[in-house]
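Here is the structure we will look at.
The values are calculated or read from the model by the stated rules, or taken from the named source; none is laboratory data. As the structure is a prediction and not an experimental result, all values here were calculated from the model. Cβ atoms come from the backbone with ideal geometry, glycine included; neighbour counts cover every protein chain shown.
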Amino acid sequence: MKDQPKQPVCVVIGVGPGNGAAFARRFGLAGYQLALLARQTDYTNALAKEINGSRAYACDVTDAASVERVFSAIHHEMGDIHTVIFNAGSGIWKSVEEITPEEFEQSWRVNALGSLLVSKQVIPHMKAAKCGNIVFIGATASRRGGAKTAAFAPAKAAQRSLAESMARHLGPSGIHVGTIIVDGVVDTPSTRKMLPDKPDNYFIQPDDVADIVYGLTQQKPSAWSSEIEVRPFAEVW
């Protein structure tokens, strides 16, 4: 009897009760194996029990050794990676006078350096397979700097520029690189607590973002999207 082919592997980085969990459930529903990455595994261990074929891994995306160790384990335990969703993000809301150099650097390390370290772990296998998806969850801050985004905006801008460079370089090798620009407040228990007076249509629904991400990974190479904006109609833009 022949061995059954393994299901494709999707790695979700930055898994919490909002978008990260929604991405995992959506790709799990589509039949993917899921590697759920976060700095702490309390939440991801519980989520992995809900989704068949899921494993939780502790990973610090700012640490090259941690990233290399975790992705080596994923390759060994689950197989080659077909899709990566980089949802890790560090939001520090301070002005240029308030921000410290350490906070500025930390935001850059999570959003920009982390994106690079993760990508370099999966590109060789994707190039060999001549297919794969790398999706970054970005923000409108990547396009403009607000008064309180002195650290977050430059970090997200660096991530967006990296994604553009990667898309141009890796597209001919069959690797689809895209960014989802999330413009608005994601609906989570913590944001509802912070904004108790806002109506439902003020918030972005994680399941709806997950559908967009999944659709991006299913596009045909002749009509790939490299960037998609998502926002509720109540958002001012």
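Going by what's in this entry, would Lys6 be described as of a type in the set (D, E, K, R), closer than 25 Å to His125 by Cβ, modelled with pLDDT under 95 and touching a strand residue (DSSP E or B) at 6+ places or on another chain (Cβ under 8 Å)? Break it down stepwise before answering.
On the way: of a type in the set (D, E, K, R): yes; closer than 25 Å to His125 by Cβ: yes; modelled with pLDDT under 95: yes; touching a strand residue (DSSP E or B) at 6+ places or on another chain (Cβ under 8 Å): yes.
Answer is yes for this residue.
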Quiz item: Pairs, please: C-beta under 7 Å, at least 6 apart or cross-chain, first residue touching a residue at least 12 places away in the same chain (Cβ under 8 Å) and in the range 37-62, second among the aromatic types (Phe, Trp, Tyr)?
Solution: Leu37/Tyr57
Quiz prompt | Those residues of the range 222-237 which are loosely packed, with under 11 Cβ neighbours inside 10 Å and either in contact (Cβ under 8 Å) with a residue 40 or more places away in the chain or in a loop (DSSP other than H, G, I, E, B) (or both), in sequence order | solution = Phe233, Val236, Trp237
Practice problem: Report, by residue number, each residue of the range 168-205 that is modelled with pLDDT under 95, in a helix (DSSP H, G or I) and not acidic (Asp, Glu). | Solution: Pro189, Ser190, Thr191, Arg192, Lys193, Met194, Asn201, Tyr202
Quiz item: Would a scan of the range 134-152 turn up a residue that is touching an Asp or Glu at 6+ places or on another chain (Cβ under 8 Å), over 23 Å from Val236 (Cα atoms) and polar (S, T, N, Q)?
Solution: no
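Name the single residue that is surrounded by the fewest Cβ atoms within 10 Å (Cβ to Cβ) among those in the range 129-145 being in a helix (DSSP H, G or I) and free of Cβ contacts under 8 Å to residues at least 60 places away in the same chain. Please lay out each step first, then the result.
Initial filter on the range 129-145 (in a helix (DSSP H, G or I)): 129, 140-142.
Subsequent filtering for residues that are free of Cβ contacts under 8 Å to residues at least 60 places away in the same chain retains 129, 141-142.
Numbers: Ala129: 14, Ala141: 24, Ser142: 24.
By that ranking, first place goes to Ala129.
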Quiz item: Between a first residue in the range 146-162 that is assigned to a loop (DSSP other than H, G, I, E, B) and a second residue that is of a type in the set (Val, Ile, Thr) and modelled with pLDDT under 95, which pairs have beta carbons less than 8 Å apart while being 6 or more apart in sequence or on different chains?
Solution: Ala151/Ile92
Practice problem: Test each condition in (1) among the polar types (S, T, N, Q); (2) under 29 Å from His125 (Cα atoms); (3) assigned to a helix (DSSP H, G or I) for Gln219 and report the one that comes out false. | Solution: (3)
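Can you pull out the residues in the range 42-59 that are surrounded by 18 or more Cβ atoms within 10 Å (Cβ to Cβ) and either touching an Asp or Glu at 6+ places or on another chain (Cβ under 6 Å) or not small (Gly, Ala, Ser) (or both)?
Of the range 42-59, the ones surrounded by 18 or more Cβ atoms within 10 Å (Cβ to Cβ) are 44, 47-48, 51, 54-57, 59.
Matches in the range 42-59: Thr44, Leu47, Ile51, Arg55, Tyr57, Cys59.
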Quiz item: Counting only residues that are hydroxyl-bearing (Ser, Thr, Tyr) and touching a helix residue (DSSP H, G or I) at 6+ places or on another chain (Cβ under 6 Å), which one in the range 73-105 is surrounded by the most Cβ atoms within 10 Å (Cβ to Cβ)?
Solution: Thr83
